[in-house]
Each structure stands twice: as C-alpha cells, then as structure tokens.
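**Student:** Below are the structure tokens for one structure; questions will follow.
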Number of protein chains: 2
Amino acid sequence: MKPIDLDEKLSRFNDHWSPRIIASVNGQEVKLVKFSGSFDWHSHADADEMFVVLKGSFTMEFRDHSVELTQGQMIVVPKGVEHRPVAEAECSVMLVEPAGLLNTGDGEESDRTTSGTWIESDEAASD
Amino acid sequence: MKPIDLDEKLSRFNDHWSPRIIASVNGQEVKLVKFSGSFDWHSHADADEMFVVLKGSFTMEFRDHSVELTQGQMIVVPKGVEHRPVAEAECSVMLVEPAGLLNTGDGEESDRTTSGTWIESDEAASD
C-alpha cells in the first residue's frame, strides 16, 4: 500500500468543476476538484456532500445565506439542501460523497455534469 | 451553517488516541485525532478506515510492510486488514469511518477503546 499525496494528485489536472476520484471508503468516494467561477444551483435528494478546502477559498451559497470557506475549513451540505459553490479565484477542494454521485445533483444535466473520473494509482509517480 | 475549522477543532483537545467527532456524512463520521506513540494492532471486519495527515507524520504498520505518511497525505485501510498507527512525534489526523466504529476494532478492548466523542458546534468560538 502507498500513501495518496494530495498535492501530487492535484498537480495532475487543471480543469475546473471536474472531480477526480482518488479513493473509495465504505461506499463513499473521495474526490479532488478545482473550483473557479460559479457552479450551478443544485441539491442531492439522498446524499450529504462534504467539502474540505485544501488550497484557496470559496463561498458556499445557500438560498438564504452564504458560508465563506478558506484553507483548512470544511462543511457538510446535508441532503436535499440547495447549494452553489462560487470561487473568485481557483480553489482546490476534497469531496467525500456517495460513489457515483453527479456533481449537478438533481439539477438539469449540463456539459459540466459528471460523477468524476479515477486518477489511477501512481506506481511510477513517487520519487 | 458555519464552516468547521480544523485547526480550531484541534486546539480544543490534547489527549492522544481519543478521536473527536466533528461531522457526519452519509453514515460516516469525520473525526480528528492526535497520535503519539504506538497504538494497538487491530482490524475492522466490516469497515474501511481513511486517515488524512493534517500535521506531522506517522507510520501505518501492516503485518508485511509499513507506509510512512506526512502532512497532506492520506491512506485508506481496507476492511479486514490488520494495522497499527505509530507516531514518533505528535501527529494530527482526520479520520473518515462508519459512525460508531471502535478505534480498537476487533481487537481486545482497552482503556483507549472509544468510538469518539462529539465536539459541539462552536457558536461562540469564532473570533
């Protein structure tokens, strides 16, 4: 078994709103994602969604308030609650959510809709 | 809703091997724990266990190899796999594991056995 290095995984992609799956734990998937700009309003009827800020900061907008999150802070958006992440500058985030969850939730699908793609284990990536 | 600040939560306790629960997500609990020294060999028959190093470093010992983990690295110990965390110096770790999981797993209970205790939400703790 090898450690999963969050910085190394983050260095492997540059696109925004496109989660990469790095681990699986008890039916949940752990994903890394880079935010920039505004995402779509959505909710997940049956899934809580955890966001941990690894680098930068972003705002989690809810319909009645907003929460500012900076590096080293996290939030769990409970199932059914409409939300929209907004990042003025690029922000790197770790997600924990049920395997297969779509990022646009119960909202309309768009060209950003995805359940994430695995970053393969990096046998050759260690130095 | 408020952000959960990992450093602020870590500042609230100093004891070792005694996880504090900071969030719940889809039946999993997110816990913070400080390691120092060696824990007991154990496994969890039905639970994967995720460890993310927030500060410091530790070694996850398995029966046939060891994995060194430093800040910004993580590992998922699959269900059923015997393991033992060992930290030469204090190390702060975030765990994700099923709610109610005992830290000593299927091993013998000891005075360190716990499923963790909640740190209450900190309405007055923000500055």
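Derivation of every value follows stated rules applied to the coordinates shown; laboratory data play no part. Since this is a predicted model, take the numbers as computed values, not measurements. Glycine also receives a Cβ, built like all others from the backbone with ideal geometry; neighbour counts cover every protein chain displayed.
**Student:** Sort all Cα-Cα distances of segment A:76-119 into consecutive 10 angstrom bins from zero, then give the percent of pairs in each bin up to the one containing the longest distance.
**Tutor:** Bin by bin from 0 Å, the calculated values are 19, 57, 24.
**Student:** What are the distances, in nm and sorted shortest first, from the label point of A:K79 to the label points of the same position in each other copy, with each label point placed 7 Å from Cα along the Cα-to-Cβ direction?
**Tutor:** Result, one decimal in nm: 1.9.
**Student:** Tell me, A:L10, A:L102 in order of fewest to most beta-carbon neighbours within 10 Å?
**Tutor:** A:L102, A:L10
**Student:** Ranking B:W118, A:W17 by Cβ neighbours within 10 Å, fewest first, what do you get?
**Tutor:** B:W118, A:W17
**Student:** What number, rounded to the nearest 500 deg cm²/dmol, is the helix-based mean residue ellipticity at 222 nm of chain B, given -39500 (n - 2.57) per DSSP H run of at least four residues and division by all its residues?
**Tutor:** Calculated at 222 nm, the ellipticity per residue is -1000 deg cm²/dmol.
**Student:** Another one. Could you tell me what % of all Cα pairs in chain B have separations over 19 Å?
**Tutor:** More than 19 Å apart: 46 percent of the Cα pairs in chain B.
**Student:** Across the protein assembly as shown, what fraction of all alpha-carbon pairs, as a whole percent, falls in each successive 10 Å bin from zero upward?
**Tutor:** Going out from 0 Å in 10 Å bins, the protein assembly as shown shows 7, 31, 37, 20, 5, 0 percent.
**Student:** Once the label point is set 7 Å along the Cα-to-beta-carbon vector, what list of distances in nm do you get between B:R12 and its counterparts in the other copies?
**Tutor:** Values, ascending and in nm: 3.5.
**Student:** Next up: Let's see if you can work this out: charge +1 on each Lys and Arg Cβ, -1 on each Asp and Glu Cβ, no other charges. What is the dipole magnitude of segment A:6-118 about its Cα centre, in debye to the nearest 20?
**Tutor:** 380
**Student:** Which distances in nm, rounded to one decimal and ordered from shortest, link the label point of A:H65 to the equivalent label points in the other identical copies, with labels set 7 Å from Cα toward Cβ?
**Tutor:** In ascending order, 4.7 nm.
**Student:** Okay, next question. Treat the count of other C-beta atoms within 10 Å as a stand-in for reagent exposure and order A:E97, B:E88 from fewest to most.
**Tutor:** Ranked by crowding around the Cβ, least crowded first: B:E88, A:E97.
**Student:** How fast does segment A:1-71 diffuse by Stokes-Einstein, in µm²/s, taking the Kirkwood radius from C-alpha pairs at 4 °C and 1.567 mPa s?
**Tutor:** In µm²/s, the coefficient rounds to 92.
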